[in-house]
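In what follows, a single structure is set out as structure tokens and then discussed.
The values are calculated or read from the model by the stated rules, or taken from the named source; none is laboratory data. A quick note: this is a predicted structure, and the numbers were derived from the prediction, not measured. Heads up, the Cβs are rebuilt from the backbone with ideal geometry, glycines too, and the neighbour counts pull from every protein chain shown. To get the accessible areas, we keep the full protein, side chains included, count just its heavy atoms, and leave off ligands, DNA and RNA. Shrake-Rupley method; radii C 1.70, N 1.55, O 1.52, S 1.80 Å.
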Amino acid sequence: LSLINDVLDLSKIEAGAMKLQMSAVAPASCIDTAVATLEHRAASKGLALRQEISDTLPDLWADERRLTQQVLINLVDNAIKFTKQGGVSLSIQPEEAGSSICWRIEDSGIGMDQETLARIFKPFEQADRSISGRFGGTGLGLHISSNLVELMKGRIEVSSELGKGSRFEVILPLKEGEDIDLLQQKRRNTKLPPMSLGGRVLIAEDTPE
């Protein structure tokens, strides 16, 4: 199912038909979700999963679901996948005189050489032919992630050294103007209606968890 979804997203991106659901997003909540999703996997490999969040982070304009699930979780998942010992760290901080936000994912994993770095964002590309057999994957994740970030007017930067780990940075601009201010005000003013005792709640989930 994951492979099918990736191929469908790839087709939408190449056809220029990818639609984003843009809204005001709290950057810290994205990292909280990524850590909560992957901390058990990191712990099962004996890896430390650390996070560092700046005290002053304004909201930004993005597709929260795709940013969290298809960009940040994908990058952190890759970092865990290619790291045997040490750990993975996540940090968020303002960049470029406060005009953008930077998520930084660093690992102490296998790293990449310069030749590999030149092609990792291409579709169906992986570090070498043995990667798929050793670690799994299709080579679509980074290509989709980078395209989604570009659609949100941002960029992904990467630096790495073979045998010494990698660092990925996701940089997204803050949106200036009234749109985000109005959404923030609406979110602050929104109150849930009181729940009457004796009522029934229907919860639908698509996973056993």
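Just to be sure, is PRO27 in contact (Cβ under 8 Å) with a residue 40 or more places away in the chain, surrounded by fewer than 20 Cβ atoms within 10 Å (Cβ to Cβ) and within 19 Å of GLU169 (Cβ to Cβ)? Lay out the reasoning, then the answer.
Details: in contact (Cβ under 8 Å) with a residue 40 or more places away in the chain: yes; surrounded by fewer than 20 Cβ atoms within 10 Å (Cβ to Cβ): no; within 19 Å of GLU169 (Cβ to Cβ): yes.
It is false that PRO27 is in contact (Cβ under 8 Å) with a residue 40 or more places away in the chain, surrounded by fewer than 20 Cβ atoms within 10 Å (Cβ to Cβ) and within 19 Å of GLU169 (Cβ to Cβ).
Report whether or not ALA34 is farther than 22 Å from LEU140 by Cβ and open to solvent by less than 60 Å² (accessible area, probe 1.4 Å). Judged against the criteria, ALA34 is not a match. For the range 52-83, filtered to residues that are open to solvent by 40 Å² or more (accessible area, probe 1.4 Å) and touching an Asp or Glu at 6+ places or on another chain (Cβ under 8 Å), the residue that is nearest to ARG167 (Cα to Cα) is PHE82. Return a yes/no flag: does the range 88-97 have any residue that is open to solvent by 30 Å² or more (accessible area, probe 1.4 Å), aliphatic (A, V, I, L, M) and not in a helix (DSSP H, G or I). The answer is yes; a qualifying residue exists. Mind checking whether some residue in the range 38-45 is under 15 Å from the mean Cα position of the chain (by Cα) and without any contact (Cβ under 8 Å) to a residue 60 or more places away in the chain? Taking every residue of the range 38-45 in turn, at least one turns out to be under 15 Å from the mean Cα position of the chain (by Cα) and without any contact (Cβ under 8 Å) to a residue 60 or more places away in the chain. Only residues that are in a strand (DSSP E or B), within 14 Å of ILE101 (Cβ to Cβ) and open to solvent by less than 40 Å² (accessible area, probe 1.4 Å) were counted in the range 144-173, giving 5. Going through (1) open to solvent by 30 Å² or more (accessible area, probe 1.4 Å); (2) modelled with pLDDT of 80 or more; (3) not in a loop (DSSP other than H, G, I, E, B) one by one, ILE110 falls short only on (3).
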